[in-house]
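Below: one structure, written as structure tokens.
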Amino acid sequence: MEFRTHVFSALIFRTYMRLLRWDRSGVVVTKKILFNHRSLFVFFHQFSLATEADRGRDSTVTAANLSLRESQNIRKLLGCNEEISLLKVSVDEKDYFISKTEILGSTSPIGRSTRCIKAFSPERNGLVLLKDSWRVLSPTLQPEHEIYKKLRESHVTNIPE
């Protein structure tokens, strides 16, 4: 299971193709591209030079860098063995640790792809439910976790932490 902000795919027909860029809000589709057209080669060249984030990798999810003892304790709480990789998810300057085996939710490449993840919170020293979805990063949109934070500060009831 990958953590992505967007994905690319190709729609191939007999004499031409189209490139597609999927994200939470939908899909962008190119005009017809003939297989021998320069733009196709330019795309793949630029894609090969792109950063992982530009290719769609979610930079808020990284490999967990933990001591052996921390790793063993977290694995015990999450109920996973040593063969399963632990990941660190950073949200609003807080870190959570997860295993890929504890993810429930959509595997669809379209829509919000909302997933619920059993996670370890060092701040709480215990398990929490972490909601994950494809996030639109935009200066005009306020992230959901920031909205929840303001609601909690205003003492609105029944707001998840």
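The values are calculated or read from the model by the stated rules, or taken from the named source; none is laboratory data. Quick caveat, the model's predicted, so the values are computed rather than measured. We place every Cβ from the backbone using ideal geometry, glycine too, and count neighbours over all the protein chains shown. Keep in mind that these areas ignore ligands, DNA and RNA; they rest on the heavy atoms of the full protein, side chains included. Shrake-Rupley method; radii C 1.70, N 1.55, O 1.52, S 1.80 Å.
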### Message
Just to be sure I understand, how many residues within the stretch 116-136 are open to solvent by 70 Å² or more (accessible area, probe 1.4 Å), modelled with pLDDT of 85 or more and in a loop (DSSP other than H, G, I, E, B)?
### Response
3
### Query
Of the residues that make up the stretch 75-87, is at least one within 30 Å of V27 (Cβ to Cβ), in contact with a Phe, Trp or Tyr (Cβ under 9 Å, 6 or more places away or on another chain) and at pLDDT 90 or above?
yes
#### Entry: Verdict on E93 being at positive phi and either touching a Lys or Arg at 6+ places or on another chain (Cβ under 6 Å) or at pLDDT below 90 (or both)
yes
#### Entry: Tally, over the stretch 63-100, of residues that are of a type in the set (V, I, T) and part of a loop (DSSP other than H, G, I, E, B)
1
### Message
One residue is enough: does the stretch 102-110 have a residue meeting the conditions without any contact (Cβ under 8 Å) to a residue 60 or more places away in the chain, under 19 Å from P143 (Cβ atoms) and among the polar types (S, T, N, Q)?
### Response
no
### Query
Can you pull out the residues in the stretch 18-62 that are farther than 13 Å from T5 by Cβ, of a type in the set (F, W, Y) and not in a helix (DSSP H, G or I)?
F35
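I need the full set of residues from the stretch 7-28 which are of a type in the set (F, W, Y), more than 14 Å from G56 (Cα to Cα) and surrounded by 12 or more Cβ atoms within 10 Å (Cβ to Cβ), in order please. Let's see the steps before the verdict.
Restricting attention to the stretch 7-28, the residues satisfying the condition of being of a type in the set (F, W, Y) are 8, 13, 16, 22.
Narrowing further to those that are more than 14 Å from G56 (Cα to Cα): 13, 16.
The one that is of a type in the set (F, W, Y), more than 14 Å from G56 (Cα to Cα) and surrounded by 12 or more Cβ atoms within 10 Å (Cβ to Cβ): Y16.
Working carefully through the options P160, P139, find the one that is closer than 28 Å to G26 by Cβ, modelled with pLDDT under 85, in contact with a helix residue (DSSP H, G or I) (Cβ under 8 Å, 6 or more places away or on another chain) and surrounded by fewer than 12 Cβ atoms within 10 Å (Cβ to Cβ).
Values: P139 fails: in contact with a helix residue (DSSP H, G or I) (Cβ under 8 Å, 6 or more places away or on another chain).
So the residue among P160, P139 that is closer than 28 Å to G26 by Cβ, modelled with pLDDT under 85, in contact with a helix residue (DSSP H, G or I) (Cβ under 8 Å, 6 or more places away or on another chain) and surrounded by fewer than 12 Cβ atoms within 10 Å (Cβ to Cβ) is P160.
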### Task
Return the residue satisfying two criteria in turn: it lies in the stretch 66-98 and is farther than 25 Å from P143 by Cβ and of a type in the set (G, A, S), and of such residues it is surrounded by the most Cβ atoms within 10 Å (Cβ to Cβ).
S71
